[in-house]
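The values are calculated or read from the model by the stated rules, or taken from the named source; none is laboratory data. It should be emphasised that the depicted structure is a prediction, and the values quoted were computed from it without experimental measurement. Cβ sites come from the backbone with ideal geometry, for glycine too, and all protein chains shown count toward neighbours. Just so you know, the surface numbers come from the protein's heavy atoms only, side chains and all, with ligands and any DNA or RNA stripped out. Shrake-Rupley method; radii C 1.70, N 1.55, O 1.52, S 1.80 Å.
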Amino acid sequence: MRIRRHPILSFKREKEVNFTFNGKPIKAFEGETIAAALHAEGIKVLSESKRNHRPRGFFCAIGNCASCLMKVDGIPNVKTCITRVRDGMVVISQHGRGDPGDIL
Amino acid sequence: MEGETQVISCDVIVIGAGPAGLMAALRAGEAGAGVLLIDREPFTGGQLVKQTHRFFGSKHQYAGTRGFDIAVRITEKIECLKNVKILLEATALGYYEDGVLTVLHEGRMLKFKGKAIVVATGAHERFLPFENNDLPGVYGAGAVQTLMNVYGVLPAKRILMVGAGNIGLIVSYQLVQAGVEVAAIIEAAPRIGGYLVHASKVRRLGVPIMTGYTIKRALGKECVRGAIICKIDENWNPVEGTEIKIEVDAVCLAVGLSSLCELLWQAEVPMVYIPELGGHVPLRNEDMETPVERIYVAGDAAGIEEATSAMLEGELAGINAVSKLGYSVEDYANKRGKILSDLKNLRSGPVGEKIRAGLARLRTLRNGNL
Ligand SMILES: Cc1cc2nc3c(=O)[nH]c(=O)nc-3n(C[C@H](O)[C@H](O)[C@H](O)COP(=O)(O)OP(=O)(O)OC[C@H]3O[C@@H](n4cnc5c(N)ncnc54)[C@H](O)[C@@H]3O)c2cc1C
Ligand code: FES
């Protein structure tokens, strides 16, 4: 959910950006990161652990912990918490380590 | 990566554009040096950007200004300097023997070489062991702040805050401001760690602060659906029969910060363990230079403190780095003296006790080392 009214802050949400998450169209705003835009839609599971396939969401939001890795425009292991959304971006949940074989 | 990329040289590379890095770049730039300031975020300001409260403290010029306004003001000053380049969404990944720094920017690996380097990478949040601590919905306090204060997205409807230090208290206040219900703030220690003003502020909003409690388990399959908290005894062991189930859709950890110094380890800067400064910190002298010549540190990367000291340390690193490179810093001796005395004042009194103890240990270890 996006904050509509805040006592101190105002959020610039000028230009709409459209991307897809696992094929589903998502509306976001320019300047938002992929992880933030997905969160606004209530999508909290971004990734999964490699061995036990436990769900992973984001933890640090500053690119430190690698718990938000997803496949973006065909490239695996993208830190979605520090990568901004762009029009037409294709974002997919990543399974596995992102080996060359996983990309196909 | 395709092909060899060229190594781009400059006088000073500042890594991290938080308050420390911004001031280092500003001061180095003012002396005429060619400066590259990089940050992995899409914006400058580091932690400051997320601070919506007015800064505490009475001695320094920015008291009463909100964190994000401070960041904008310094950035504007830097943008007036033609010899300083700011590169955002640029992550420093590696520092090599030959002094080359690799930076990931827009999917490309760039190589830079600076005659001097200021590492101002800030801090990372500590984690806490408990069952299901890896569930989506368990966030660091910084992540919660980023989400709600930078992007305007609510992290939860109802949240449990773990840790009643200043960060836990301030972020709880900000959560309520943004419209999130804070179910409780729990704190393992018998006392609240943060300032009383902050604690009173959240209490007035009706948020209970429970000392002597810890989190035992997060509940849920895909995402956090609740949490079990329990009392702990004076040896920090859980007390049986004291479990309480709390319905929340997120858990926020505010259990401390540690310096972020991977690049310093790579550069073989000697590191020492000083709990008062947040854990492993780099050795450095009063002028913020590490034992590895021309590598400087500033801000939380040098030891966990706060924004004003980060800015002062950044200034110090900035003027020292450029004067070592032969640039003349106007009125250097006075400037340096003023910064050092400002730092001393800032660290005086009971609030600075921990920092003073940590820095004293750092000095002892440094003298033994050099
Ligand atoms: C909730 C909260 C409330 C606070 N309130 C106050 C307060 O009221 N008063 C006060 O004085 N202080 C306060 N602080 C503390 C203050 O924000 C920090 O001490 C200060 O921001 C430290 O500055 P810094 O420049 O060292 O690090 P940071 O602000 O953390 O900046 C570091 C920067 O480095 C970048 N970076 C890290 N690694 C890399 C890399 N490899 N490549 C590129 N870039 C990188 C990061 O993206 C970041 O922008 C608060 C902190 C928090 C979390
Ligand atoms: S959430 Fe930690 S790296 Fe993205």
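Computed values, structure above
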{"read-out": "Count - residues of segment A:1-32 that are facing chain B (nearest Cβ under 7 Å) and within 11 Å of the chain's Cα centre (by Cα)", "value": "1"}
{"read-out": "The listed residue being at pLDDT 95 or above, β-branched (Val, Ile, Thr) and within 17 Å of the chain's Cα centre (by Cα), out of B:Ile319, B:Ile274, B:Ile295", "value": "B:Ile274"}
{"read-out": "Selection status of B:Asp69, part of a loop (DSSP other than H, G, I, E, B) and at negative phi", "value": "no"}
{"read-out": "Subset tally (residues that are among the small types (Gly, Ala, Ser) and within 7 Å of ligand 2 (Cβ to nearest atom)) for segment A:49-68", "value": "4"}
{"read-out": "Scan of segment A:47-66 for residues that are assigned to a loop (DSSP other than H, G, I, E, B), away from ligand 1 (no atom under 16 Å from the Cβ) and crowded, with 21+ Cβ neighbours inside 10 Å, ordered by number", "value": "A:Gly57"}
{"read-out": "Index of the failed condition, B:Lys157 passing every other in (1) at pLDDT 95 or above; (2) open to solvent by 10 Å² or more (accessible area, probe 1.4 Å); (3) away from every other protein chain (no Cβ under 14 Å); (4) out of contact with any helix residue (DSSP H, G or I) (no Cβ under 8 Å at 6 or more places or on another chain)", "value": "(3)"}
{"read-out": "Condition met for A:Lys79 (of a type outside the set (Val, Ile, Thr), under 11 Å from the mean Cα position of the chain (by Cα) and within 13 Å of ligand 2 (Cβ to nearest atom))", "value": "yes"}
{"read-out": "Criterion (at pLDDT below 95, near ligand 1 (Cβ under 9 Å from one of its atoms) and at negative phi) met by exactly one of B:Gln61, B:Gln47", "value": "B:Gln47"}
{"read-out": "Residue satisfying all of: in segment A:83-92; open to solvent by 20 Å² or more (accessible area, probe 1.4 Å) and within 12 Å of another protein chain (Cβ to nearest Cβ); nearest to ligand 2 (Cβ to nearest atom) among these", "value": "A:Thr83"}
{"read-out": "Subset tally (residues that are within 13 Å of ligand 1 (Cβ to nearest atom) and small (Gly, Ala, Ser)) for segment B:138-160", "value": "4"}
